[in-house]
Amino acid sequence: MKGLFCTVHTHSTMCDGKNTLAEMARAAFEAGAVSFGASGHSHTPLPEDQGGVLPKDMSAYRAEVLRLREAYAGRMDVLLGIELDNCADVTAEGFDYWIGSAHRIRDAAGGWHTVDWGAEDLERRLREDFSGNFLIMAGQYYDEVRRMAERRPTILGHVDLIAKFNEDGYFFDESAPGYQAAALAALHAADPKETLLEINTGAMSRGWRSVPYPAPFLLREWRAMGGKIILTADAHSAGTVVYGYAQAAEAARAAGFQRSTLLTRSGREERPLP
């Protein structure tokens with residue numbers, strides 16, 4: 001598998017990860033990645049986020065990534081990225097790439113609330129803010145995804161994150177026409193010529209899912225749109241930098257893809273699926 005993949009959705013102790021950037025880069029190198037990308041969570045104005053996101057002044061983050069770039073020069077590309085949240089108060093200017101991710105929806109009071117903190121938390125929000133109607137909640141979430149997709153991120157992150165705790169169908173039926181229509185409308189806002197759709201295994205490595213994001217119907221539609229994919233681990237620890245890539249590749253093939261995209265210092269490269 002060496003040379004057929006990159007790992008560019010990663011988090012370190014500079015945001016909410018468990019390992020340093022240096023440890024994450026070393027794990028990527030030892031796994032045989034063509035390139036390692038740091039994609040720290042962007043700063044937001046939300047008090048509850050502080051300590052789990054990058055500071056608004058990202059100079060130390062930039063400096064460490066650039067130091068690692070020099071350290072691995074000629075052996076592995078190191079890219080400076082950022083995962084921009086839908087309520088971020090910073091921009092992606094000056095980064096090699098950016099991941100656009102909707103983590104939040106509005107709550108009943110008009111504030112932001114995260115959809116992936118826990119199943120019990122999501123159920124409480126569903127009951128208190130949406131009167132138990134998950135279709136309305138999902139519709140609001142996919143409106144946020146649509147707005148992010150319209151910004152043409154390099155990578156559209158975990159597009160159906162709201163399904164993180166729904167693999168057993170506890171909250172809703174993912175085959176329901178109304179749900180799929182909302183998800184597809186968000187996907188159609190993305191530009192397949194500019195944006196890559198990630199097949200993300202992060203919830204698998206943390207024990208929440210047995211299959212990657214996104215759902216097969218979204219992958220098939222992205223293929224029909226002429227879009228390209230990238231395999232990502234959404235890694236929060238060194239041991240998960242390429243977690244589940246074989247299963248992600250299987251999901252890609254099932255949707256009709258034969259190749260994935262790698263991000264490198266020289267640009268995007270197409271490689272056969274690992």
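Computed values, structure above
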| quantity | calculated |
| --- | --- |
| Number of the exception - residue 52 against (1) outside any loop (DSSP other than H, G, I, E, B); (2) under 27 Å from residue 245 (Cα atoms); (3) modelled with pLDDT under 95 | (1) |
| Elements of type helices (runs of 4 or more DSSP H) in region 188-264, at least 3 residues being open to solvent by 30 Å² or more (accessible area, probe 1.4 Å) and either under 18 Å from residue 274 (Cβ atoms) or at pLDDT 95 or above (or both) | 216-224, 245-254 |
| Residue list for region 84-106, filter: under 15 Å from residue 143 (Cα atoms) and open to solvent by 40 Å² or more (accessible area, probe 1.4 Å) | 106 |
| Residue within region 174-186 that is of a type in the set (Gly, Ala, Ser), open to solvent by 40 Å² or more (accessible area, probe 1.4 Å), part of a loop (DSSP other than H, G, I, E, B) and at negative phi present | yes |
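The values are calculated or read from the model by the stated rules, or taken from the named source; none is laboratory data. Bear in mind that the values here come from a model prediction, so they are computed numbers and not experimental data. So basically every Cβ, Gly included, is an ideal-geometry build from the backbone, and we count neighbours across all protein chains shown. Ligands, DNA and RNA are stripped out before the accessible areas are found, and what is left, the full protein with its side chains, is counted by its heavy atoms. Shrake-Rupley method; radii C 1.70, N 1.55, O 1.52, S 1.80 Å.
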